[in-house]
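Asker: Provided herewith is a single structure, encoded as structure tokens, for subsequent inquiry.
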Amino acid sequence: MARKRTDTVLVVKIHGDRDRRLPDQLVVEEPMSIQLDSHLVATTMRTPGHDYELAVGFCHAEGLLAGHPVTGVRYCANGSAADSNFNVVTVETGGRAPVPTARLGTTSSSCGLCGSQSIDELASRLAPLELSRVPRIDRAVILGIPEVVLGGQDLFGETGAVHGAAAFTTAGEVVVVREDVGRHNAVDKVVGHLLLDRRLPAHELGLFVSGRASFEMVQKAWAAGFGTVVSVSAPTALAVQTAKRAGITLYGFTRGDQAVRYSPG
């Protein structure tokens, strides 16, 4: 079922001393509960669309799958999907994944769920990337990828209110673009898409993020096996430390013909 991702509202646009009343498109933001084998994992505020990918990507990034394959994804755990307004998604491993500990509360769309994890905790379950398996991406591709991804962000074009994430090849070809009101959700959707398509670990791909390169963005990239992360904004200090520990090449302020490389990989 295709979910509505925008709402139309009447607004007053002010230009100098003139007012105009006209319709405007606003992005939809709704809570979605993620379950693993019918056990509650978390609830996140997200833009409806690619919900299965979001749930799978989140479980993978958090290490909740523990290496077990996903055997199915569905709306709701009990009853009909319509009863929960398509806002509950269950990821299934046939009971093979460990029982998760539920995250308390609802996370906002502006922050991730995993910032409390330390680099050492990540390193305990994620090995550094093998540099021999991670291809270098040409600087022209790095500098050009933001514009290429923007061309595929239809929802941003309508509302101007969502973040984008994308996986791209060393040749600069975009494999998948996903949008969401939450930065971390957009990345989870990309990771979930690749996992369901059996393309993880994504050693041969780069990850683009439209916002700042925060700790959770790098953590999710590490879990998915991306060797390169490209951001249009600044990274945090913890993100740079994490990228160095992971062996990820991290770029920030990638705009026009300029970028800053913080971690050489």
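The values are calculated or read from the model by the stated rules, or taken from the named source; none is laboratory data. Keep in mind that this is a model prediction, so the values were computed, not measured. Note that each Cβ is placed from the backbone with ideal geometry, even for glycine, and that neighbours are counted across all protein chains shown.
Asker: Answer yes or no: is there a residue in the range 220-229 that is basic (Lys, Arg), touching a residue at least 12 places away in the same chain (Cβ under 8 Å), buried (at least 24 other Cβ atoms within 10 Å of the Cβ) and closer than 30 Å to ASP24 by Cβ.
Answerer: no
Asker: Out of everything in the range 230-265 that is part of a strand (DSSP E or B) and among the small types (Gly, Ala, Ser), what residue ends up being surrounded by the fewest Cβ atoms within 10 Å (Cβ to Cβ)?
Answerer: The qualifying residue surrounded by the fewest Cβ atoms within 10 Å (Cβ to Cβ) is ALA259.
Asker: Moving on to the next point. What about VAL91, is it at pLDDT 95 or above, buried (at least 16 other Cβ atoms within 10 Å of the Cβ) and touching a Phe, Trp or Tyr at 6+ places or on another chain (Cβ under 9 Å)?
Answerer: So VAL91 passes the test.
Asker: If you check ASP197 against the conditions, is it at pLDDT 95 or above, surrounded by 20 or more Cβ atoms within 10 Å (Cβ to Cβ) and charged (D, E, K, R)?
Answerer: No.
Asker: Another one. If you scan the range 1-57, which residues turn out to be in a loop (DSSP other than H, G, I, E, B) and farther than 17 Å from ASP154 by Cβ?
Answerer: Correct list: MET1, GLY16, ASP17, GLU29, ASP37, SER38.
Every residue, every condition in (1) in contact with a Leu (Cβ under 8 Å, 6 or more places away or on another chain); (2) among the hydrophobic types (A, V, I, L, M, F, W, C), yes or no:
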site	(1), (2)
ASP24	yes, no
VAL27	yes, yes
ARG46	yes, no
HIS50	no, no
VAL56	yes, yes
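Asker: Tell me yes or no: at least one residue of the range 172-195 is in a helix (DSSP H, G or I), farther than 23 Å from GLY63 by Cβ and assigned by TED's automatic domain parsing to the domain that holds ALA221.
Answerer: No, the range 172-195 contains no residue that is in a helix (DSSP H, G or I), farther than 23 Å from GLY63 by Cβ and assigned by TED's automatic domain parsing to the domain that holds ALA221.
Asker: Going by what's in this entry, would ALA224 be described as small (Gly, Ala, Ser) and in contact with a Pro (Cβ under 8 Å, 6 or more places away or on another chain)?
Answerer: Criteria met by ALA224.
Asker: Suppose the filter is in contact with a Phe, Trp or Tyr (Cβ under 8 Å, 6 or more places away or on another chain) and surrounded by 23 or more Cβ atoms within 10 Å (Cβ to Cβ); does ALA202 pass it?
Answerer: Criteria not met by ALA202.
Asker: Identify the residue in the range 205-216 that is within 16 Å of PRO146 (Cα to Cα) and at pLDDT below 95 and, among all such residues, is surrounded by the most Cβ atoms within 10 Å (Cβ to Cβ).
Answerer: Filtering the range 205-216 for residues that are within 16 Å of PRO146 (Cα to Cα) and at pLDDT below 95, the one surrounded by the most Cβ atoms within 10 Å (Cβ to Cβ) comes out as ALA213.
Asker: Restricting attention to the range 126-162, and to residues there that are part of a helix (DSSP H, G or I) and of a type in the set (S, T, N, Q), which single residue is surrounded by the fewest Cβ atoms within 10 Å (Cβ to Cβ)?
Answerer: My answer is SER132.
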